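These notes are about the structure you will find just below.
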Amino acid sequence: MSEIEKVDILVVDDLPEKLLVYQSILEELGENLVTATSGAEALKLVLQRDFAVILLDVYMPQMDGFETAALIRTRKRSSHTPIIFITSYYDEVRTAKGYAHGAVDYIPAPVEPEILRAKVRVFAELFRMRRQIARQAEERAQRLAAEEAARQSAFLARASSVLSSSLDSETLLPGLARLAVPFLADLAVVCRADEAGCPGRTEWAWVTPDAEEASQARGLPLPTWVADALDRGFRAGKLRFMARIDPPAPSRAGNPSPERDGDHEPESPDFPVSSAMILPLVARGRTLGAVALGLGPSGRRYGPEDAPLAEDLIGRAAIALDNALLHRQILDADHRKTEFLSMLAHELRNPLAPIRNGVQVLRMLDLNEPLVIQVGEMIDRQTAHMARLVDDLLDISRITSGKIRLQPVPIDASAVVNSALEISRPLLESRRHQCILSLPQQGLRVMADPDRLAQVLANLLNNSAKYTKEDGRIWLSVDREGDEAVFRVRDTGIGIPAEMLSKVFDLFTQVDRSLDRSQGGLGIGLTLVRRLVEMHGGRVQATSAGPGLGSEFVVRLPAIIPVEHPEHPADNGATVERRAPASCRVLVVDDNVDAAESLAMLLRFNGHEVRLAFEGPGALDAAVEFLPELVLLDIGLPGMDGFEVARRLRMGSNGRKVLLVAMTGYSQEEYQRKSREAGFDYHLVKPVDPRVLEELLGQVGASHA
Ligand code: ADP
């Protein structure tokens, strides 16, 4: 059992011997007995502690008991402390005076010990009880405050997680409105500031009658009191926190003229708002909007204690909204950059097509002038290289969005190495490097996109050429190790510090940015290498013994089990000869007259019958009259685009048989999908590789048989 807490009892008498008597009488109550020999002393004591009861002698020199009692009553702490007068002159007039001074009882002297004890005991018990109740009330209040604090922190934690879960303002703002109801408000209206800083789009949430769930709507007009407050705030150039607005007493919270949203017509909440606050959404000094919180059906009213929580929530929301807007800006800028790069590549490709076709025509003219042949080959090589560069440009934009598509075929690893060397030869030669090649004895084949794999190796070779002093040595080898084809590019160059070995594959990472720009690139080459190798199901690794000690890049790809009869890597000319196609009827459609005519020239040289059209309707007419077997159709035609032309061609009488080939500067997935949907059989990226063209014509020719 817990020990009973003692209470304090004050006994005031100017005679010490009387005090002794009271003490001995009251001792058996077991309470704390405090004594005072004057009114002044008693007054001092009541200022320091709370007494359960005060026993006061009426007759005392200087300040008598009545006077002392009156003063005790004036002190806040003792204004309700029970006072018992002890006097030997007990008459009615005096008694009345005592009661007027706040006495609760009288005890005539000489005191009857039993009576005194009984009365004091009653007041002691009463005091103990009151003290207990007060303590319990205080504990309850503290518990409630702690619970409320916990609820608020849980609410803010949930708010933070909701607000940080999305970087999209389209979901953030309705989420914010929903968060506030019903915890903070019966109605929440979130209003975005538009470009001009005026109230724009709104998001609403409000309690349903059963308060189980909140209703939500978008695009409802602002309640008049919110609109007025925002208008004033925005006009003053600064929207300030407005606590405890008392909205006029309309019957409804909003104006019920909502925007139609399909079949649903969202309704404004049907309750009056009796207490509200408006908080601006401010981040980095910019007002992004405002939030109006209102109370109505719950019967609550906002008080100053509600402001900190509301401000905390809205502050977090403003930061989240600011982040979402910044993220949007970055995405938009990135999207515009990708679009620009894609368009640039497209525009650069267009002039390449006629040049490439023209070179082919020159070759076929059978001019025996060695210089013409040499120059023709040089132009051919360079245009091919330029086409590759343009592709790289596209790759930069696509690499981040993972849009690069491979066209893997089984290929000979040595052939790829040769292609890569071909690409890198100009740089290797210009820097007078010695290139030591080591190829496998037996045919080693991998499943790879030949161009992309050559691009990977050429990138590594080019880097070795760039980062090795002139007259250096570069080894390029390919070997089979277990199930893998292992390509190694090693050099005697500047080497790579150990801490940079894994980082060099990150986008835009360069070990030494101060390098002469004619040597250094943009820091995208190795990112492309790694991404392409990984897309082939392989991996790439860099090693170096340190600065000045050269580097080695190792690419590992899954090998194809070698065939029994090693292939003779056929040169391209041989392929063309083997497949010498029969004459085909080809319709070439391109608004770029040079491109169309040069392609026609090339086809005619190969014995095909060619018709030209420079726009959609002309192509459709030609198709009816000429009945082409193959249509090479540019997509970017003025007026009716290539997709539409293809759809119509497919619907024509010859439409099912004709081989439809799209030619475009755009190789993105989206364009390829559109091509398929429009009925194209193939989607080729300009400039079209003559070998691919031969393949297509071979297909058509084969169907003649
Ligand atoms: P870039 O060559 O355009 O700067 P890369 O992505 O191809 O970009 O290479 C990234 C960085 O890795 C280079 O800037 C260079 O510092 C380092 N690096 C790449 N290859 C070599 C190499 N063979 N020897 C030394 N350093 C290299």
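List of remarks:
- Sulfur and carbon atoms: percent of accessible area, the range 408-560 [1.4 Å]: 51 percent
- Lys, Arg +1 and Asp, Glu -1 on Cβ, resulting dipole of the range 8-134 about Cα centre, debye, nearest 20: 720 debye
- Basic side chains Lys and Arg get +1 at the Cβ, acidic Asp and Glu get -1 at the Cβ, and with that the dipole of the range 408-560 about its Cα centre reaches some 200 debye.
- Helix screen, the chain: DSSP H segments with Cα axial length of 20 Å or more and mean Kyte-Doolittle hydropathy at least -1.0 are 113-164, 307-364, 370-401, 413-430, 450-466, 690-704.
- When the square roots of the Cα gyration tensor eigenvalues are ordered a ≥ b ≥ c, the ratio a/c for the range 163-230 is 1.5 or more and a/b does not exceed b/c, which makes its shape oblate.
- Rolling a 1.4 Å probe over the protein heavy atoms leaves Cys198 with an accessible area of roughly 60 Å².
- A crude spin-label estimate for the pair Phe340 and Leu29, with each label 7 Å from Cα along the Cβ direction, gives 9.2 nm.
- Solvent-accessible surface of protein heavy atoms, probed at 1.4 angstrom with all chains present, puts Ser598, Ser653 in the order Ser653, Ser598, largest first.
- Efficiency of FRET from Cβ geometry, Ala157 and Arg300, R₀ 30 Å, rounded to 0.05: 0.85
- Translational diffusion of the chain, µm² s⁻¹ [Kirkwood Rh, Cα pairs; Stokes-Einstein; 37 °C; 0.692 mPa s]: 93 µm²/s
- Cα-based Rg and Dmax for the range 1-95, where Dmax is the largest Cα-Cα distance (Å): 13.5, 48
- Computed from phi, the 3J(HN,Hα) profile of the range 181-187 under the Karplus parametrisation 6.51, -1.76, 1.60 (θ = phi - 60°) reads 9, x, 4, 9, 7, 8, 9 Hz, with x in place of Gly and Pro.
- Among Leu20, Leu457, the sequence by solvent-accessible area, most first, with a 1.4 Å probe is Leu20, Leu457.
- Extent along principal axes [Cα atoms of the range 408-560; Å; largest to smallest]: 42, 29, 25
- Chain lengthening between Arg286 and Glu213 when straightened (0.36 nm per residue, less Cα-Cα): 23.0 nm
- Average accessible area per residue (Å²) across the chain - probe 1.4 Å, nucleic acids and ligands excluded: 52 Å²
- Length gained when the stretch Gln329-Arg232 is fully extended (0.36 nm per residue, less Cα-Cα span): 32.0 nm
- Residues with amide H under 5 Å from that of Val282, placed H, sequence gap 5 or more: Leu288
- Between Arg201 and Leu367, residue separation times 0.36 nm minus the direct Cα-Cα distance comes to 52.6 nm.
- Couplings for the range 471-487, taken from phi via the Karplus curve 6.51 cos²θ - 1.76 cosθ + 1.60 with θ = phi - 60°, read 6, x, 10, 10, 9, 10, 9, 9, 8, 9, 10, x, 8, 10, 9, 10, 9 Hz in order; Gly and Pro are left as x.
- Of the residues Leu126, Leu461, the one with the largest accessible area comes first in the ranking Leu126, Leu461, computed with a 1.4 Å probe on protein heavy atoms.
- Separation of the Arg94 and Ser38 label points, Cα + 7 Å toward Cβ, nm: 2.3 nm
- Here the range 328-396 is assigned +1 on the Cβ of each Lys and Arg and -1 on the Cβ of each Asp and Glu. Its dipole about the Cα centre then comes out at about 120 debye.
The values are calculated or read from the model by the stated rules, or taken from the named source; none is laboratory data. Worth saying up front: this structure is predicted, and the values here are computed from it rather than measured. Using ideal geometry, Cβ is built from the backbone for each residue, glycine included, and neighbour counts are taken over all protein chains shown. What goes into the accessible areas is simple: the full protein's heavy atoms, side chains included, and nothing from ligands, DNA or RNA. Shrake-Rupley method; radii C 1.70, N 1.55, O 1.52, S 1.80 Å.
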